[in-house]
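Okay, so here's the structure we're looking at.
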Amino acid sequence: MADISLHYGSKAPLAGTLTAFHQILGRTFATWRRRTQERRELANLDHRTIRDLGLSPSEIQFEANKPFWRV
């Protein structure tokens, strides 16, 4: 009588998928945190710095008021 055994490693593909998902999620959160910080800094610029950057106060306000998930 022949011994037949079937091996199915279901954890390996799933583990790779979860790792990839975790990395993407981590990068996304890091991007959102960076945008939040940058927009907070923009909102706190003085008029002289805004002028030196060649921007208008309304442009700064528009960018600073965007939600963190918008580019």
Requested in this report: Report the FRET efficiency, 1/(1 + (r/R0)^6), for Gln23 and Arg70, where r is their Cβ-Cβ distance and R0 is 35 Å, rounded to 0.05.
Outcome: 0.95
Query - Leu14 versus Arg51: modelled label distance in nm, points set 7 Å from Cα along the beta carbon direction - result: 6.3
**Report entry** Rounded to whole Hz, the Karplus (6.51, -1.76, 1.60) HN-Hα couplings of the range 24-39, x for glycine and proline
**Finding:** 5, 4, x, 5, 5, 4, 5, 5, 4, 5, 5, 4, 4, 5, 5, 6
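Computed from the coordinates by the stated procedures, all read-outs in this text should not be read as laboratory data. Since we're looking at a predicted model, the values are computed, not measured. Positions of Cβ are generated from backbone atoms using ideal geometry, with glycine treated the same way; all protein chains shown enter the neighbour counts.
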